[in-house]
Amino acid sequence: MAKDQALTPKARIAQRIRSQSTHGQFVTVKELTEAPFTFTEEAALANLEAMAADEKYMDIQWISGQKAKYLYSNQTMTDNYARLHVHVKEQNLVAMVAEAVRHDSSVYPRVTSVKAFRYSPYNLEQELLDDVLKKIQESDEFQDIQVITASTGAKYLYSNQFLEPRRANALVELREVVDDE
Amino acid sequence: MATSKGWSGKILRVNLTTETITTEDTAKYTDFIGGMGFGYKVMWDEVPEGTKSYDPENKIIFGVGPFTGTGIPCSSRTNITSLMPTHNHLIGDSHMGGHFAAELKYAGWDSIIVEGKASSPVWLRIENDSVTIEDASRIWGQGTVQSTADVCSIMGAEAHVAAIGPAGENMVNQAIIITGGSHSAGGHGGVMGSKNLKAIGVKGTLPVYMGGTKEALIDLDRHAMSIIGSNNQHVVPSTPMPWAEYHHNRSRWTARPGLFWGNANPPVETGECPPEDMNSVGLRCQKGVFDHGDIAEDYTTRMGGCQSCPIRCHSQLEVPEAEEYGVSRFAANTCVGWSFPRSIMLKGYKDGSTGRGTKEALIATVVSSNLADDWGLWCNYNQISRDFRYAYDNGILEKVLPAEEYNSIPWDLLEAGDPNFLHEFYRRVSTKEGEFSHLGDGSFSVSKRWNFGDDYYSAATWRLFNPVLGFPQHHSSETAGQVGALINLMFNRDAQCHSHVNFTGSGLPIEVQKEIAGEIWGSPDALDAPADYTRMNPYKANFAKYSIVRNVLHDSLTLCNWMWPLQVSPHKERNYLGDTALEAKFFSLITGIEKTEAELDLDAERIFTLHRALTVKQMGTTDMRNKHDVIADYVFDRDPDVEPFTSGTIKMEREDMEVAKTMFYEAMGWDADTGAPTRACLERLGMGYVADELEAKGLLPA
């Protein structure tokens with residue numbers, strides 16, 4: 001018998017979720033109905049419900065996107081990353097950028113380099129990124145997201161819910177000019 | 001004789017005038033730990049005030065410490081102590097990494113004291129106990145690359161060499177000593193040149209003994225490796241990762257899926273590098289893209305670094321186009337070792353770009369870096385390019401250079417962004433060719449000689465933090481306000497202290513940083529958020545003192561202060577705390593002398609107070625507050641429409657900085673009015689003899 005076949009159903013589900021989270025991937029209930037799993041959707045959900053009450057699986061978390069609900073382990077994927085990854089997975093790009101900017105402005109606080117969205121896990125091509133920024137600026141929902149241009153020409157974003165314009169400007173110049181050695 | 005633990009137990013003294021080579025017992029100096037501490041003690045005891053940098057009476061001390069050669073992470077640093085020709089001949093240190101330090105230890109030496117002056121060019125050959133002064137007439141005049149190769153051709157490829165280039169030989173004030181092709185110590189190349197000492201070659205086969213067991217060392221190493229981050233102890237990745245709660249795009253933990261050492265064969269992907277994977281620590285920092293932009297990925301062959309360093313912060317590049325300009329296609333360096341050579345091209349590059357990020361910028365940088373290191377020219381933390389820019393853009397060069405000289409310089413190449421200009425720049429400065437070469441004198445000297453305007457000393461653009469000694473800001477008030485400003489006041493050159501900027505630049509959110517600051521320095525108020533400063537308080541003085549004391553400790557042990565102290569870690573389960581007692585734990589294990597964190601810090605406080613006492617003696621005044629600890633106007637006068645301590649400015653307030661000085665002086669136990677060490681302070685640190693000498697000279701505060 002394969003080693004993982006000896007595990008309980010709950011342990012097998014947890015193992016899969018933890019492993020996928022390590023690689024930055026969610027698991028859906030649908031995946032638990034496909035090979036190598038043999039659960040029905042009802043059985044998978046029943047196991048997950050039981051796991052939610054089991055101390056051994058307290059790391060298994062649900063997160064909701066616009067298109068689906070996803071499972072991850074916050075042992076191997078941080079909650080911050082999971083919130084970001086929902087948008088990446090569903091390619092909800094406008095919300096992805098806006099939420100990243102608000103998070104940066106409120107938590108660190110810092111300005112967000114537009115260029116950062118060119119890299120993983122966002123990997124936005126410049127043309128697409130420009131389009132996303134245009135939509136943010138045109139949307140009533142994201143009026144707090146501001147674009148700021150450094151004296152070097154580099155573009156940054158911030159949320160004026162959390163950062164005043166003068167501070168944002170100072171942070172941009174610190175980053176681009178003063179600390180650039 | 002008992003075997004010395006940690007220290008090799010011997011100091012080498014070489015008198016180049018008398019050609020005598022003697023050995024001394026390290027025990028005489030161990031209250032000063034090693035490296036920097038030994039250097040200050042020798043300078044206090046043996047070099048009288050009034051001595052100038054290039055006088056034969058000046059000495060130059062190459063120091064390593066009890067950690068060097070032990071394999072403790074990031075411990076192969078060489079500290080070089082002597083008078084600083086650029087900065088009013090005051091005591092100062094330059095530092096280099098590489099493998100030279102460990103090799104010196106394996107040859108059985110804790111320090112080399114070089115004194116006197118050779119009658120003709122020589123180099124020093126060290127092979128364990130065999131030390132000889134060799135004729136350097138064949139290598140004098142060569143660049144550092146050929147000089148290193150020549151010494152290795154005699155000693156063998158396994159030798160490690162510290163050499164000067166023509167800039168040092170010609171006693172250009174801004175000259176380096178370099179080892180391993182890219183590890184340079186700025187400021188003392190001319191002192192070696194003044195002694196006709198071209199190079200030191202060292203080869204060692206001896207052990208470094210330790211007080212503890214091998215198993216205990218492995219355990220402590222594992223602990224250190226478990227909390228170590230990336231370069232500058234940045235503990236979050238630069239892009240979001242599944243394992244990371246936080247990220248910061250200025251983090252030097254640049255590894256990510258899809259980012260490669262693109263010129264390796266086959267290319268090496270840096271990948272995710274989660275913190276628990278010790279085998280990928282060396283992949284965390286792809287410094288090529290950090291220093292040059294994305295363009296460097298395809299040209300990065302690998303990351304290099306120092307002996308015993310797992311971090312690897314030197315990007316090793318291959319840029320074939322550099323050969324079109326008569327230099328090697330290979331270059332390695334890090335940080336200002338790249339940005340200074342790049343910025344000599346004042347008018348940008350052939351493609352019209354300025355700054356970094358384009359291929360033409362990369363080519364020019366590699367050309368310039370090769371030339372700077374081979375000629376052996378120092379940048380004074382990039383101030384030389386700002387001095388050049390000020391003089392060029394303000395038409396000063398046209399006024400001060402003789403017409404024939406001015407017309408002989410191919411300015412058209414500079415204007416066109418042609419890297420061929422760089423040959424002219426480095427040759428002229430390094431060989432003291434013409435008036436132009438005074439750019440190498442040092443910022444204070446050249447600015448006075450060429451009558452720079454008041455704005456040079458007072459405008460933020462030019463970054464001259466200390467207008468009296470002529471050194472630039474180096475993580476000053478822009479880094480943690482008064483803390484960075486105080487650190488930048490206390491040395492006699494640009495501050496080589498990174499304890500504070502490593503902390504503020506770790507990538508962690510401000511609330512996490514403040515919590516840790518509270519644990520280390522007594523209150524979260526020790527740290528202000530960037531561009532949201534508050535007034536001075538005693539906890540900031542604690543932060544500043546701690547930063548300097550640890551910096552000094554590291555340059556004495558020796559450890560890399562670009563990594564240590566490990567104040568933070570990448571681990572949420574530790575609340576991102578590092579382990580500030582780690583130096584003391586290693587010290588106790590290696591030397592067999594039990595010391596607490598506080599006891600070891602006190603030793604470092606002794607060293608830094610001796611530095612201050614040396615400065616008082618050399619300047620001939622106790623009034624450090626007004627004569628030495630001077631800050632440029634731009635720090636206070638920037639953002640004229642904004643009050644200090646309002647959100648959105650890094651502007652400081654003059655009165656508050658005087659309060660800051662007072663609090664810092666008091667934290668050090670120095671005189672609160674003048675900033676000079678008191679008798680009580682010196683006696684507390686076991687340096688009553690220093691107090692006696694200062695008192696005899698009228699240099700002890702009342």
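The values are calculated or read from the model by the stated rules, or taken from the named source; none is laboratory data. The structure presented is a predicted model; accordingly, all values stated were derived computationally and were not measured. Glycine gets a Cβ as well: all are built from the backbone with ideal geometry, and neighbour counts include every protein chain shown. What goes into the accessible areas is simple: the full protein's heavy atoms, side chains included, and nothing from ligands, DNA or RNA. Shrake-Rupley method; radii C 1.70, N 1.55, O 1.52, S 1.80 Å.
Overview of results
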item: Calculated Rg and Dmax of chain A using C-alpha coordinates, Å; result: 20.4, 65
item: Volume per residue that the Cα convex hull of the stretch B:445-529 spans, once the total is divided by residue count, Å³; result: 96
item: Simple spin-label estimate for residue A:41 and residue A:147 in nanometres, 7 Å along Cα-Cβ; result: 4.3
item: Sorted largest first, extent of the stretch B:342-399 alpha carbons per principal axis (Å); result: 34, 28, 17
item: Separation between Cα centres of the stretch A:103-181 and the stretch B:600-623, rounded to whole Å; result: 45
item: Computed accessible area, residue A:162, all protein chains, 1.4 angstrom probe, square angstrom; result: 100
item: Accessible-area ranking of B:514, B:117, largest first, probe 1.4 Å; result: B:117, B:514
item: Sulfur and carbon atoms: percent of accessible area, the stretch A:3-84 [1.4 Å]; result: 50
item: Where Cα atoms sit under 21 Å apart: lysine pairs in the stretch B:317-462 separated by 8 or more or lying on different chains; result: 6
item: Residue A:134 - accessible surface, heavy atoms, 1.4 Å probe, Å² rounded to 10; result: 110
item: Whole-percent pair-distance distribution, where bins are 5 Å wide, for the alpha carbons of the stretch A:91-178; result: 3, 16, 27, 26, 20, 8, 1, 0
item: P(r) tail fraction, the stretch B:10-203 - alpha-carbon pairs more than 22 Å apart, %; result: 38
item: Cβ-isolated cysteines (cut-off 4.7 Å), the protein assembly as shown; result: B:152, B:273, B:285, B:313, B:335, B:379, B:497, B:681
item: DSSP-assigned coil residues among GluC sites (Glu not before Pro) in the stretch B:425-529, each with at most 14 further Cβ atoms within 10 Å; result: B:433
item: Chain B, accessible surface, carbon-and-sulfur percent (1.4 angstrom probe); result: 49
item: 12 Å beta-carbon shell around residue B:59, net charge (K/R +1, D/E -1); result: -1
item: Histogram of C-alpha separations across the stretch A:3-84, 10 Å bin width, %; result: 18, 55, 25, 1
item: Pairs of lysine residues in the stretch A:3-84 - Cα separation under 16 Å, sequence separation of 8 or more or cross-chain; result: 4
item: Low-density loop cleavage sites - GluC sites (Glu not before Pro) in the stretch B:237-295, where at most 16 other Cβ are within 10 Å (DSSP); result: B:276
item: B/A buried area, accessible surface, summed, 1.4 Å probe, Å²; result: 2900
item: Debye equation applied to the C-alpha atoms of chain B, log10 I(q)/I(0) at 0.05, 0.10, 0.11 Å⁻¹; result: -0.21, -0.95, -1.20
item: Leading residue at positive end of dipole, the protein assembly as shown (Cβ point charges), from B:27, B:576, B:286; result: B:27
item: Percent of C-alpha pairs per 10 Å bin, the stretch B:283-386, short to long; result: 17, 50, 30, 3, 0
item: Where Rh is the Kirkwood radius over Cα pairs, Rg/Rh for the protein assembly as shown; result: 0.98
item: The stretch B:141-206-the stretch B:274-301 distance, computed between alpha-carbon centres (Å); result: 29
item: Rough spin-label spacing in nm, given labels placed 7 Å along Cα→Cβ, for residue A:67 and residue B:55; result: 7.8
item: Stretch gain in nm, segment residue B:574-residue B:214, where the contour uses 0.36 nm per residue and the Cα spacing is subtracted; result: 126.9 nm
item: Accessible-area ranking of B:623, B:298, A:180, largest first, probe 1.4 Å; result: B:298, A:180, B:623
item: Within the stretch B:1-74, trypsin sites (Lys or Arg not before Pro) in DSSP loop having at most 14 other beta-carbon neighbours inside 10 Å; result: B:52
item: Cα-based Rg and Dmax for the stretch B:198-301, where Dmax is the largest Cα-Cα distance (Å); result: 17.4, 52
item: Rounded FRET efficiency, nearest 0.05, which uses the C-beta distance separating residue B:697 from residue B:135 and R0 of 45 Å; result: 0.60
item: Radius ratio Rg over Rh of the stretch B:351-492, counting only Cα atoms, Kirkwood formula for Rh; result: 0.98
item: Heavy atoms of residue B:649: accessible area, 1.4 Å probe, square angstrom to 10; result: 0
item: Computed magnitude of the charge dipole of the stretch B:317-462 (debye, nearest 20; Cβ of K, R +1, Cβ of D, E -1); result: 400
item: Interface residues in the stretch A:158-181 - accessible area drops by 10 Å² or more relative to the isolated chain, probe 1.4 Å; result: A:164, A:166, A:167, A:170, A:171, A:174, A:175, A:177, A:178, A:179, A:180, A:181
item: Estimated FRET transfer efficiency when R0 is 60 angstrom, pair residue B:153-residue B:637 (beta carbons, to 0.05); result: 0.60
item: Order of exposure, largest accessible area first, which applies to A:64, A:19, B:315 with probe 1.4 Å; result: A:64, A:19, B:315
item: Members of the stretch A:109-128 that become less accessible by 10 Å² or more once partner protein chains are added (1.4 angstrom probe, chain alone as reference); result: A:109, A:110, A:113, A:115, A:116, A:119, A:120, A:121, A:122
item: Computed label-point distance, nm, for sites residue B:225 and residue B:392 using a 7 Å Cα→Cβ extension; result: 4.7
item: Residues of the stretch B:518-554 buried by at least 30 Å² on assembly (accessible area, 1.4 Å probe, chain alone as reference); result: B:530, B:531
item: Test item: Cα-centred dipole of the protein assembly as shown, Lys/Arg +1 and Asp/Glu -1 on Cβ, debye; result: 1060
item: Accessible area (Å², per residue) of chain B, counting only protein heavy atoms and a probe of 1.4 Å; result: 31
